Amino acid sequence: MKLIIGIVSREDAGKVTKTLIENNFFVTKLSSTGGFLRGGNVTLMTGVQDESVSLVLNLIKDCCQSRKEYISNPFINENKIEVLDSLEVTVGGATIFVVDVCDFKKV
Ligand code: 2BA
């Protein structure tokens, strides 16, 4: 068994969750925050049998778009606030970890 941990944008999370449920997978949604952009994203956890991993990865991939985001970080230095030039980063589709599960129980 594997635990698939997918970090997706908030815009894509609803579609990913709906698709996984429609395909009879269990999913848990956690609100999360990206360390770099410090913006909200969503972390999805799905426990699946090994043979379903590639299907789940494809379902997530099909629902997630990569998009450009911009940050203009206020930089605070000796009580002066300067706004750095806006920085463009490409975010996603999805960042996915596939982890071995050594035990799984529902009690
Ligand atoms: P954030 O940390 O907010 O990162 C958003 C985007 O900023 C990243 O998109 C990447 O394009 C850029 N970025 C992040 N860290 C950077 C750095 N140190 N230098 C330059 N650019 C950087 P994605 O790679 O698609 O990541 C989207 C979100 O997935 C991340 O949001 C983070 O929440 C998560 N993530 C990505 N890689 C991860 C990893 N190795 N471990 C844990 N979480 C990860």
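The values are calculated or read from the model by the stated rules, or taken from the named source; none is laboratory data. These figures come from a predicted structure and were not determined experimentally. Note that each Cβ is placed from the backbone with ideal geometry, even for glycine, and that neighbours are counted across all protein chains shown. Calculation scope for accessible area: heavy atoms of the full protein, side chains included, ligands and nucleic acids excluded. Shrake-Rupley method; radii C 1.70, N 1.55, O 1.52, S 1.80 Å.
The table below lists the values:
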| quantity | calculated |
| --- | --- |
| Qualifying residues in segment 89-107 (those that are near the ligand (Cβ under 8 Å from one of its atoms) and β-branched (Val, Ile, Thr)) - the one most open to solvent (accessible area, probe 1.4 Å) | Thr90 |
| Neighbours by Cβ (under 9 Å, 6+ apart or cross-chain): first from segment 81-105, farther than 15 Å from Val56 by Cβ and among the aromatic types (Phe, Trp, Tyr); second surrounded by 10 or more Cβ atoms within 10 Å (Cβ to Cβ) and modelled with pLDDT of 85 or more | Phe104/Met1; Phe104/Leu3; Phe104/Gly47 |
| Within segment 90-107, tally of residues that are assigned to a loop (DSSP other than H, G, I, E, B) and not acidic (Asp, Glu) | 9 |
| Unmet requirement for Asp85, which otherwise passes all of (1) modelled with pLDDT under 90; (2) assigned to a strand (DSSP E or B); (3) within 16 Å of the ligand (Cβ to nearest atom); (4) open to solvent by 90 Å² or more (accessible area, probe 1.4 Å) | (2) |
| Total residues in segment 19-57, condition within 23 Å of Asp103 (Cβ to Cβ) and assigned to a loop (DSSP other than H, G, I, E, B) | 5 |
| Single residue of segment 1-48 satisfying the filter (within 16 Å of the ligand (Cβ to nearest atom), open to solvent by 50 Å² or more (accessible area, probe 1.4 Å) and of a type in the set (D, E, K, R)) that is farthest from the chain's Cα centre (by Cα) | Arg38 |
